């Protein structure tokens, strides 16, 4: 299977093996970072919901969570 | 005697049959005019092209008259007035994974540059990153810091940041609504000090229902590496179609 292509100026060529390995590693790291960010956002949303269920106002929730 | 030294300044007669050498002598005595230093450098040394040697004259638009001293180009006199921005290079690209400016786009001729990337289509939802580039290779060391903050079309705050990462993070694009553009100043890429970026970009979030986002971004690459190019990289193979343009800020 051919590797993805890149364009440098007007020249288009296939990625070298090193460039392809770097690109794959970048995507893996980016996916991990995105998953961590999503998990953090989900935890924050869950915390907001639980605090609201306890009767806290939006202002009180914001004061507690800092946002 | 150097390669540019002449032994005659010929005059030809009517109906004279000229040899290739005579025509080359004539063709090479004029001062070639180039749009940029990049096109100047590309015009010598290739197949069927003259070998660059001491004494070569060239006129570069926006820079002026230059001579080659055997190791570098020397500019003579005051550069012509060209305005504040000098166009350097640009290209369109179709379903690429990564797009790099030509080698030696950033040179010691100018200190600061403006780069504009516009993505007009993506084949799938994609994340975009930017890497500085030197001598034909992207710099993937963990020396990039990105501080981006903005707002979406629903008036919610949005951030796009990283710290000691292997690239600048410069947003993303939904594949159904593509309106990504990046306008970036690149500060001192060819100086042996930090390279900074300042600018902004906008895009439709993934998913597009999250709205249209504008981010004001600054970035720092904390090394003394002298960069001559940069790369715009998509997380999805063969995904991005668009256009870029690069300008230099005039230094005087």
Check your understanding: Relative to the first principal axis of the alpha-carbon coordinates of chain B, what is the inclination of helix B:20-29, with its axis defined by its Cα atoms, in degrees from 0 to 90 and to the nearest 10?
Key -> 60
Review point. Quick one: if you stick a label point 7 Å off each Cα along the C-beta vector at residue B:151 and residue B:69, how many nm between them?
Key: 5.4
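Can you compute the FRET efficiency between residue B:185 and residue A:41 using 1/(1 + (r/R0)^6), with r the Cβ-Cβ distance and R0 = 35 Å? Round to the nearest 0.05.
Details: r = 31 Å, r/R0 = 0.90.
Result of the calculation: an efficiency of 0.65.
Would you compute, from DSSP H runs of 4+ residues alone, the mean residue ellipticity of chain A at 222 nm, taking -39500 (n - 2.57) per run and dividing by the full residue count, rounded to the nearest 500? If you can, show how the numbers build up before the last one.
Details: 2 runs with 45 residues, N = 67.
That calculation yields -23500 deg cm²/dmol at 222 nm.
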**Study point:** Global geometry of the range B:38-103, whether rounded, prolate or oblate, following the gyration tensor of its Cα atoms and the 1.5 cut on a/c
**Key:** oblate
Point to revise | Within a Gaussian network of chain B (alpha carbon springs, distance under 10 Å), most fluctuating of B:47, B:13, B:109 | key: B:13
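Does the range B:85-249 come out rounded, prolate or oblate by the C-alpha gyration tensor, with a ≥ b ≥ c the root eigenvalues, rounded set by a/c under 1.5 and, if not, prolate when a/b is larger than b/c and oblate if not? Let's see the in-between values first.
On the way: a/c = 1.77, a/b = 1.44, b/c = 1.23.
Prolate shape, in that a/c is at least 1.5 and a/b is the bigger ratio.
If I stretch the segment between residue B:54 and residue B:192 completely, what's the gain in nm (0.36 nm per residue apart, minus their alpha carbon distance), one decimal?
Working: separation 138, 0.36 × 138 = 49.68 nm, distance 2.80 nm.
Contour length minus the Cα-Cα distance gives 46.9 nm.
How long are the semi-axes of the ellipsoid equivalent to the protein assembly as shown, from square roots of 5 times the Cα gyration tensor eigenvalues, in whole Å, largest first?
Working: eigenvalues 511, 80, 55 Å².
They are 51, 20, 17 Å, listed largest first.
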Practice item. From the P(r) of the range B:70-181, can you give the percent of Cα pairs sitting at distances over 25 Å? Key: 40
Revision key, fill the gap. Of B:184, B:18, B:230, the most mobile residue in a GNM of chain B (C-alpha springs, cutoff 10 Å) is B:18
**Study point:** Distance from the range B:30-93 to the range B:186-221 (C-alpha centre basis), Å
**Key:** 31
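What FRET efficiency, computed as 1/(1 + (r/R0)^6) with R0 = 30 Å and r the Cβ-Cβ distance, is obtained for residue B:220 and residue B:118, rounded to the nearest 0.05? Could the numbers behind the result be given before it?
Values: r = 25 Å, r/R0 = 0.82.
Once the sixth-power term is evaluated, E becomes 0.75.
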Revision key, fill the gap. Computed over the range B:153-251, the Cα gyration tensor eigenvalues, each multiplied by 5 and square-rooted, give semi-axes in Å (largest first) of 26, 15, 13
Review point. Within the range B:113-151, what residues put their amide N at less than 14 Å from the label point 7 Å along the Cα-to-Cβ vector of residue A:34?
Key: B:123-129
Check your understanding: Of B:143, B:214, B:24, which is the most mobile in a GNM of chain B whose springs link Cα atoms less than 10 angstrom apart?
Key -> B:24
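Would you please classify the overall shape of the range A:5-65 from the alpha carbon gyration tensor, given that a ≥ b ≥ c denote the square roots of the eigenvalues, rounded means a/c under 1.5, and beyond that prolate means a/b larger than b/c while oblate covers the rest?
Numbers: a/c = 6.93, a/b = 3.90, b/c = 1.78.
Cα axes put the range A:5-65 in the prolate bin.
Per DSSP H run of n ≥ 4, the term is -39500 (n - 2.57); total these for chain B, divide by its residue number, and report the mean residue ellipticity at 222 nm rounded to 500 deg cm²/dmol. All intermediate terms of the calculation are to be shown ahead of the outcome.
Details: 2 runs with 16 residues, N = 252.
Taking each H run of at least 4 residues, the total per residue is -1500 deg cm²/dmol.
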Revision key, fill the gap. Residue span residue B:137 to residue B:238: 0.36 nm per residue of separation minus Cα-Cα distance leaves a gain in nm of 34.4 nm
Review point. Put a dot 7 Å past each Cα toward the Cβ at residue B:159 and residue B:22; how far apart are the dots in nm?
Key: 7.6
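Read the figures in this text as sums done on the coordinates, not as results from a lab. Because the structure is predicted, anything quoted here is derived from the model rather than measured. Positions of Cβ are backbone-derived with ideal geometry, glycine not excepted, and every protein chain shown enters the neighbour counts.
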